[in-house]
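The structure under discussion appears below in the form of structure tokens.
The values are calculated or read from the model by the stated rules, or taken from the named source; none is laboratory data. Computed from a predicted model, the values in this text were never measured in an experiment. FYI the Cβ positions are ideal-geometry reconstructions off the backbone, even for glycines, and counts take in every protein chain you see.
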Amino acid sequence: MPGNSVLELKNITKSYFGNTVLKGINLSVKPGEIHAVVGENGAGKSTLMNLIFGMPVIHETGGFEGEIFMDGQAVKIDSPRQAMELGIGMVHQEFMLIPGFTVMENIKLNREPTKPNPVSKILGPSMETLDYQAMSHDSKTALEKLGLEIDESAYVSRLPVGYMQFVEIAREIDKKNARLIVFDEPTAVLAESEAEHLIAAMKRLAEQGIAILFITHRLDEVMACSDTITILRDGELVKTLVRKETSVEQIAELMVGRKVERGHLPPRSVEPSDDDIILELKDLTVEMPGERVRGLDLKVRRGEILGIGGLAGQGKVGIANGVMGLYPATGEVIIDGKALKLNDPKAALDARMAFVSEDRRGVGLLLDESVAVNIVLSSVEAQNKFLRRTIIPGVRLLDQKAVREYAMKIIKDLDIRCTGPNQPVRRLSGGNQQKVCLARAFSLQPEILWVSEPTRGIDIGAKQLVLDLLVQFNREYGMTIIMTSSELNELRRICDRIALVYRGKVAGILKPDASDVDFGLMISGKQPVKEVG
Amino acid sequence: MELNMSKIKRLCSPDHLRNFYEKFGLPRLIISLFLLGLFILAFIMKMDLTILLSASLDRIGMNGLLVLAMLPTLVTGVGLNFGLPVGFVCGLVGGVISLEYNLTGFTGLFTAMLCALPLAILTGYLYAALLERVRGQEMMVGTYVGFAVVAGMCIFWLTAPFRNPSMVWAIGGTGVRVTITLYEHYSRILNDFLAFKLFGVTIPTGLLLFFGFFCWLAHLFFRTRTGMAMVATGANPMYAMSSGINVRRMRYISVMLSNTLAAIGAIVYAQSYGFLQLYTAPLYMAFPAVAAALIGGATLKKATVGHIIIGVVLFQTLLTIALPITQTVLQGTDISEIARMIISNGMILYALTRTERG
């Protein structure tokens, strides 16, 4: 094997519970090389990085197949600690810093240089005094390497967000043996100027001979700094390219590209059009942590299936949550010409909207309650259905017979596999739980159905069934469906139009049959080649 | 014979046993076995089991409503209502008002409850408003609210403008006494209603019926729209919110309901005991009720009427029969009070360590 690689991965395969997420990955990084790893959400980037860094999640789920070499030597990385000893550093997407400590305390955390004192002579080295001078000196050196001038004795909590990332990097390069640093979407939370600064710092590190593995989905950054680009898709390594010989368009296409089997969707009597708008969002902002929506405008045609795509963290998930009143929202939501009262889930339900949340177990289900209760409870609460009168006026009890009959019917219609209406939903498989969520929303007989990540965490067969159900709801009951999904492929399969969200706004709307290049570009914030109405 | 054997085999099969064990739960199994052991011990010591059983039934009915008061707050996820004394003193105030007018019999009893009701609802609202501000720490704050209210009520009892000589201090003429007998009013009126003897065991029919009636009401309540909304709120607040339920309102209602049950429970407790105990007596009222609910299998995530009934039966029976037995076993020493403390607090501790947290 080539001896000059810092890190070499050979034939790495990893599966979670029978679900293969990485298939035969080969990858090598040379000293001083910036190696970008790009791919959509779920392509396997994070798993690959966890594997390199020896994160416990890998071993708790049965380890992996394949070999890792460092400097030509086969190594076993079973814990982050071992990874660090081997000279692998990691800069996380979310900051792992202690806000109440100073910059240098964070940089030197748990590796502080110490001085002996009288107490430590008796009680041992754990009682030694911190050598602040040495700490300050080391921190300064590390920060200078990054070309950053900040006061190393400042508290991290007072630093601007952009600087925190640099403190993390400084911590990694301060480790004397740092050879390879993994950057996991480091620019996700940075403003543009900060991102530029970071990329400059990365280049500077590479010049000093440190190898860099750079995970991102921002193609312009990839083009700006990397030497080599590896593209992952669905757990497979699609291609490794040399930056100088490629183009953004090629990367975009490879990232998204796959055959879209757009099934034969049943036709409608009236095709949706811009003349009949059922829902309009104007300047919508939603304060959903990690999925902020920032002044988004969108028009939804009556009777269509509108897809909302985009990468994680760009705000696509926030839209439905904001409109349905689950996260604080501002702006205007107009349904059939009437303004909706925001931040009021009841008002949203009264406006004949229903929502299947992306957080199935957190929002969508009462795990310890029965299938029947899960299906009808929203209808009971929001629409007073399934209640029967009692001899006392005004007191109404749950009509258990009606609930049972209805549940039996919908279990049959949606083919929910369970032992019966009384089985707790916790015992169901992911796909069947998702069907219960759909049944819950369906029971509200909505005109507009919001569906978020309907196929997340369910197996392939069930995915198809869920998508078929959505098409059935749309064609047979005329529901307007707005479906949010990270999987472009599935959006392209059933949607009439697909809106791509970038940085909290609609970057553009594409037809499902638009080219892979257009999708790839728009999803990573590049301007589209052309837009379609 | 063979058929019988196979049946026994099936009943003792690992699957069947595990299923039973999972449903019943380890804590309840241990306590039931301990209880059984105590009964056997009592039998060996030639103690009068009928008296023990009668006393147990008495105490079950007497405490039942106080334990039931734990249910609404548990169901909505507010947690155990450690502020039970808040409702309890409302009941006591109702009781004292009824005494002031010398009302006797069922008139006296129901007047006491009617007077306590608006008070309990009002204080319940204020208490709920406080708990809403300290979300996540309801149980700890509730404990101290309970303590504070009892202390505050001590001042009230001393200065309250009651005039009936049978209950104000003999000297001075203002302020009510520490303990007021209900002997001439409604002492044991529920206990004795339709009471009868079965194999020497006295069955306090009225008392048990009253408790049963409230359990039935609670059971029905959780099938109304509001009741179901409360269950959803406790099981998954986000689900509740996304179903258009006003989560905050449900938490308020649950605290007010719990408070009201505690007030009625206080009156039932007093009539069974035969005395109204004022001043610091309600201070520790919450703990046995909490322990009973937990032992019954209620958790901070899920609680049902069934848990409450099992809990109150197990806990109160154990408490009632453990005392005379320890007394007999350790003859000559006055160990009973100490033993009572150890057993009841030990059980709370045990039950709390058994609590599955979310």
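Miscellaneous remarks
- Condition met for residue A:501 (part of a strand (DSSP E or B) and either touching a residue at least 24 places away in the same chain (Cβ under 8 Å) or in the same structural domain as residue A:351 (by TED's automatic domain parsing) (or both)): yes
- The range B:56-105, residues that are of a type in the set (Ser, Thr, Tyr) and either within 19 Å of residue B:303 (Cα to Cα) or under 12 Å from the mean Cα position of the chain (by Cα) (or both): B:73, B:76
Residue-by-condition table, conditions (1) modelled with pLDDT under 90; (2) touching a helix residue (DSSP H, G or I) at 6+ places or on another chain (Cβ under 6 Å); (3) crowded, with 22+ Cβ neighbours inside 10 Å; (4) among the basic types (Lys, Arg):
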{"site": "A:328", "(1), (2), (3), (4)": "no, no, no, no"}
{"site": "A:341", "(1), (2), (3), (4)": "no, yes, no, yes"}
{"site": "A:349", "(1), (2), (3), (4)": "no, yes, yes, no"}
{"site": "A:365", "(1), (2), (3), (4)": "no, yes, yes, no"}
{"site": "A:391", "(1), (2), (3), (4)": "yes, no, no, no"}
{"site": "A:405", "(1), (2), (3), (4)": "no, no, no, no"}
{"site": "A:413", "(1), (2), (3), (4)": "yes, no, no, no"}
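- Where a residue in the range B:301-314 is within 14 Å of another protein chain (Cβ to nearest Cβ) and its partner, wherever it lies, is in a helix (DSSP H, G or I) and at pLDDT 90 or above, with Cβ under 6 Å and at least six apart: B:303/B:71; B:303/B:74; B:303/B:75
- Matching entry among A:461, A:457 (being of a type in the set (Gly, Ala, Ser) and either part of a loop (DSSP other than H, G, I, E, B) or over 29 Å from the mean Cα position of the chain (by Cα) (or both)): A:457
- Hits in the range A:346-398 - residues which are of a type outside the set (A, V, I, L, M, F, W, C), more than 8 Å from chain B (Cβ to nearest Cβ) and over 26 Å from the mean Cα position of the chain (by Cα): A:352, A:370, A:374, A:379, A:383, A:385, A:388, A:389, A:390, A:393, A:394
- A single entry from B:233, B:226 fulfils the requirement of being surrounded by fewer than 24 Cβ atoms within 10 Å (Cβ to Cβ) and either within 14 Å of chain A (Cβ to nearest Cβ) or without any contact (Cβ under 8 Å) to a residue 24 or more places away in the chain (or both): B:226.
- Filtered residues of the range A:399-429 (kept if aliphatic (A, V, I, L, M) and within 13 Å of another protein chain (Cβ to nearest Cβ)): A:402, A:403, A:425
Every residue, every condition in (1) touching a residue at least 60 places away in the same chain (Cβ under 8 Å); (2) touching a Phe, Trp or Tyr at 6+ places or on another chain (Cβ under 9 Å); (3) of a type in the set (A, V, I, L, M); (4) farther than 17 Å from residue B:242 by Cβ, yes or no:
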| site | (1), (2), (3), (4) |
| --- | --- |
| A:433 | yes, no, no, no |
| A:438 | yes, yes, yes, no |
| A:451 | yes, yes, yes, no |
| A:458 | no, no, yes, yes |
| A:466 | no, no, yes, yes |
| A:472 | no, no, no, yes |
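- Residue within the range A:259-277 that is under 26 Å from the mean Cα position of the chain (by Cα) and either buried (at least 23 other Cβ atoms within 10 Å of the Cβ) or within 14 Å of chain B (Cβ to nearest Cβ) (or both) present: no
- Count - residues of the range B:232-286 that are hydrophobic (A, V, I, L, M, F, W, C) and out of contact with any helix residue (DSSP H, G or I) (no Cβ under 6 Å at 6 or more places or on another chain): 4
- Tally, over the range B:240-273, of residues that are within 30 Å of residue A:343 (Cα to Cα) and either within 14 Å of chain A (Cβ to nearest Cβ) or among the aliphatic types (A, V, I, L, M) (or both): 15
- Meets criteria (crowded, with 24+ Cβ neighbours inside 10 Å, in contact (Cβ under 8 Å) with a residue 12 or more places away in the chain, in contact with a Phe, Trp or Tyr (Cβ under 7 Å, 6 or more places away or on another chain) and more than 14 Å from chain B (Cβ to nearest Cβ)) for residue A:315: no
- When the range B:168-222 is filtered for residues that are surrounded by 17 or more Cβ atoms within 10 Å (Cβ to Cβ) and either within 14 Å of chain A (Cβ to nearest Cβ) or closer than 30 Å to residue A:386 by Cα (or both), the ones remaining, listed by number, are B:211, B:214, B:215, B:218, B:221, B:222.
- Residue A:443 satisfies every condition listed in (1) at pLDDT below 85; (2) within 14 Å of another protein chain (Cβ to nearest Cβ) except (1).
- Test: residue in the range B:279-294 that is touching a Pro at 6+ places or on another chain (Cβ under 9 Å), more than 14 Å from chain A (Cβ to nearest Cβ) and over 30 Å from residue B:107 (Cα atoms): yes
- Failed criterion for residue A:99 (all others in (1) within 24 Å of residue A:32 (Cβ to Cβ); (2) in contact with a strand residue (DSSP E or B) (Cβ under 8 Å, 6 or more places away or on another chain) hold): (1)
- Candidates B:254, B:166, B:242, filtered to the one that is at pLDDT below 90 and among the hydroxyl-bearing types (Ser, Thr, Tyr): B:166
- Residue check for residue A:468: surrounded by fewer than 22 Cβ atoms within 10 Å (Cβ to Cβ) and over 22 Å from residue A:291 (Cβ atoms): yes
- Residue identified as among the β-branched types (Val, Ile, Thr) and assigned to a helix (DSSP H, G or I) among A:334, A:375, A:416: A:375
- Total residues in the range B:125-149, condition part of a loop (DSSP other than H, G, I, E, B) and either among the small types (Gly, Ala, Ser) or within 17 Å of residue B:269 (Cβ to Cβ) (or both): 1
- Within the range A:452-459, not a single residue is of a type in the set (A, V, I, L, M), crowded, with 16+ Cβ neighbours inside 10 Å and either within 26 Å of residue B:219 (Cα to Cα) or within 14 Å of chain B (Cβ to nearest Cβ) (or both).
- Counting only residues that are part of a strand (DSSP E or B), touching a helix residue (DSSP H, G or I) at 6+ places or on another chain (Cβ under 7 Å), more than 27 Å from residue A:171 (Cα to Cα) and among the β-branched types (Val, Ile, Thr), the range A:202-256 holds 2 of them.
- Filter pass, residue A:236 being among the acidic types (Asp, Glu) and in contact with a Gly (Cβ under 8 Å, 6 or more places away or on another chain): yes
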